[in-house]
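Encoded as structure tokens, the structure appears first; notes follow it.
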Amino acid sequence: MLFLKPPGVYAPQDDTSLLTTALHEEPLAPGARVLDLCTGTGALALAAARRGARVTAVDTSRLAVLTCRLNARLAGARVRALRGDLLGAVPDERFDLVLSNPPYVPSPHPQLPRRGRARAWEAGRDGRALLDRICSEVADRLRPGGVVLIVQSAFSGVAPTLDALVRTGLDAQVADRRYVPFGPRLRERAAWLRTQGLVAAGVEKEELVVIRGEAAL
């Protein structure tokens, strides 16, 4: 199947694969409402749509939204793709499942880029610029018994994500882990990561983590 991955849009990688696996382990009733935050090419949105879910995909990038729409059309899937700022793009809506593969790479640059490819990975000094916002807001957007699945790097702090979700009333835990070789972004800033105490000398693998939060019934 033709799947578009234009330059400038975050292409499916190991984190996408890990989150897709977690998605397939979640029971989804026919017509369940699913939200894919930071959709990129729409790979996760399409995986949910193939299971019969009613899917909304959100990204801040116009090109990503267009790519998601085109990939959905090529796959014959129904996905509502919206441009917007995280959960602000779907005010007053609630979902059975929220998926998110947000930017999470710690950066020596404290300010987030306003345009360009780097928006897909840059996440501030601690890598939590978007993670913290998602964790603080997502509980109010889940239906009773709803679930959020977030994939991130361990370099961005697993405990802060778990703690943030628990503070909002969700039951949170690590659902899956995977170690992968450094990608180009981490390789180019490995020295800086070591000065921050995030990477030990000689370490060239990153731990990816899927965190699952569940709302009470």
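The numbers here are math on the coordinates, done by the rules we state, and not lab data. Just so you know, these numbers come straight off a predicted model, no measurement behind them. In this analysis, Cβ positions are derived from the backbone assuming ideal geometry, glycine residues included, and neighbour counts consider all displayed protein chains.
Taking Cα pairs under 8 Å and at least six residues apart, what relative contact order does region 117-217 come out at, in percent? If you can, show how the numbers build up before the last one.
On the way: 130 pairs, mean separation 41.2, N = 101.
Reported relative contact order: 41 percent.
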Exercise. Among residues other than A118 whose Cβ falls under 14 Å from its Cβ, what is the net charge (Lys/Arg +1, Asp/Glu -1)?
Worked result: +4
Exercise. Label-point separation (nm) for R187 and V166, each offset 7 Å from Cα along Cα-to-Cβ?
Worked result: 3.8 nm
Exercise. What is the helix-to-structure angle for 62-75, meaning the angle in degrees between its Cα long axis and the longest Cα principal axis of the chain, kept from 0 to 90 and rounded to the nearest 10?
Worked result: 50 degrees
Exercise. Once you put a point 7 Å from the Cα of R143 and another 7 Å from the Cα of Q13, both along the Cβ direction, what distance in nm separates them?
Worked result: 3.4 nm
Problem set entry | DSSP-defined beta bridges in region 14-214 - what % are antiparallel, rounded to 5 | 45 percent
